[in-house]
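Data first, discussion second: the structure below is written as structure tokens.
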Amino acid sequence: MPVRVQTEDFDAGAEIARLRAGDRGVGAIATFIGTVRDQHDDAPVTALTLEHYPGMTEAALQEIVDEARRRFDVRNALVVHRVGALAPGDQIVLVVVSSAHRGMAFDACAFVMDLLKTRAPFWKKERLPDGERWVEARASDDEAAARW
Amino acid sequence: MRDSVSTSVRLRLVYLARLREALSSSGETFELTTQERPSVSSVVAALRARGGPWAAELATGRAVRFAVNHRLVRDDHPVADGDEVAIFPPVTGG
């Protein structure tokens with residue numbers, strides 16, 4: 001499956017190995033891993049909960065991957081996104097794109113992340129020392145998606 | 001004077017993340033009766049008329065996003081009988 005939503009952690013090395021296995025036309029693999037920071041807007045983050053919209057999430061991610069395949073010379077692509085309870089330092093999201101050349105791999109990987117940030121139905125809730133708060137979307141994320 | 005024709009559609013509404021908490025509801029079955037072409041906007045207008053947190057959370061200018069049958073749409077998107085309409089804050093994954 002090129003897109004997965006799961007509570008379990010992922011092993012980027014194993015995922016990359018599986019994605020490129022047997023494809024000798026691959027000349028470049030770009031990888032992005034998003035992780036939980038221990039700070040947000042100068043407040044210490046002690047935990048993070050990721051909620052999603054079951055039923056829509058996988059379809060939205062698949063649509064983003066399909067769009068990347070139409071726009072770029074992608075040989076293979078994978079998105080793994082975690083949901084549930086996470087802690088600072090934990091991995092959140094993995095994007096892997098293989099291509100013949102680096103330019104397409106870098107661009108397709110950035111494209112998938114920029115669209116994921118604005119179109120995939122995930123929401124983060126942070127735990128701070130004095131309570132919880134929902135993370136607000138950033139205008140810079142819309143701008144990043146708009147450049148494509 | 002012409003009689004105005006009203007349409008009625010039965011929808012499944014889903015509220016997510018901050019909206020689910022603010023509205024104290026994860027969703028409901030909703031019967032929308034309107035004299036205009038039924039759209040996401042008509043659903044929002046009907047919910048806003050409930051007042052309280054509904055009016056506050058869905059007030060004009062609040063950043064709210066919509067999906068109909070699991071696809072992101074704008075608020076002018078039509079809704080039909082049996083549709084699942086999700087209402088949620090801007091997404092923050094990744």
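Below are the figures for this structure:
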item	result
Kirkwood estimate for chain B, i.e. one over the average of 1/r between Cα atoms, Å	13.7 Å
Cut-off under 5 Å, modelled amide H: who pairs with B:S25 long-range	none
Per-residue ³J(HN,Hα) for region B:39-45, Karplus 6.51 cos²θ - 1.76 cosθ + 1.60, θ = phi - 60°, Hz, x for Gly and Pro	9, 4, 4, 5, 5, 4, 4
Sites A:A28 and A:E8, calculated FRET efficiency, Cβ-Cβ separation with R0 22 Å, nearest 0.05	0.20
Mean residue ellipticity (222 nm) of chain B, computed from DSSP H runs ≥ 4 via -39,500 (n - 2.57), nearest 500	-6000 deg cm²/dmol
Ranked B:S26, A:S99, criterion: other C-beta atoms within 10 Å, fewest first	B:S26, A:S99
Counting DSSP beta bridges with both ends in region B:7-88, the antiparallel % (nearest 5)	80 percent
Estimated distance in nm for a label pair at A:H40 and B:D81, the labels positioned 7 Å out from Cα along Cα-to-Cβ	4.3 nm
Those trypsin sites (Lys or Arg not before Pro) in region A:1-64 that DSSP places in a loop and that have at most 10 other beta carbons within 10 Å	A:R24
Alpha carbon centroid spacing (whole Å) that separates region B:73-94 from region B:3-49	11 Å
Computed FRET value (nearest 0.05) for A:D73 with B:R74, which takes r as the C-beta separation and R₀ as 30 Å	0.45
Sorted by Cβ density within 10 Å, fewest first, the residues B:H70, A:H81	B:H70, A:H81
Under-5 Å amide H pairs with A:I92, H placed in peptide plane, nonlocal only	A:G34, A:T35, A:V36
Placed amide H near A:F122: partners under 5 Å, 5+ positions off or other chain	B:T92, B:G93
Relative contact order for region B:23-84, counting Cα pairs under 8 Å that sit 6 or more residues apart, in percent	33 percent
J(HN,Hα) series, region A:25-42, from Karplus relation 6.51 cos²θ - 1.76 cosθ + 1.60, nearest Hz, glycine and proline x	x, 6, x, 8, 10, 9, 10, 10, 10, x, 10, 7, 7, 8, 9, 8, 6, 6
Calculated from backbone phi, Karplus (6.51, -1.76, 1.60) coupling profile of region A:8-14 in Hz, x at Gly/Pro	6, 5, 10, 10, 4, x, 5
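Each value in this text was obtained by applying a stated rule to the coordinates, not by laboratory testing. In this text the structure is predicted, and so the values were computed from the model without any measurement. Methodologically, a virtual Cβ is constructed for each residue, glycine included, from the backbone with ideal geometry; neighbour enumeration extends over all protein chains shown.
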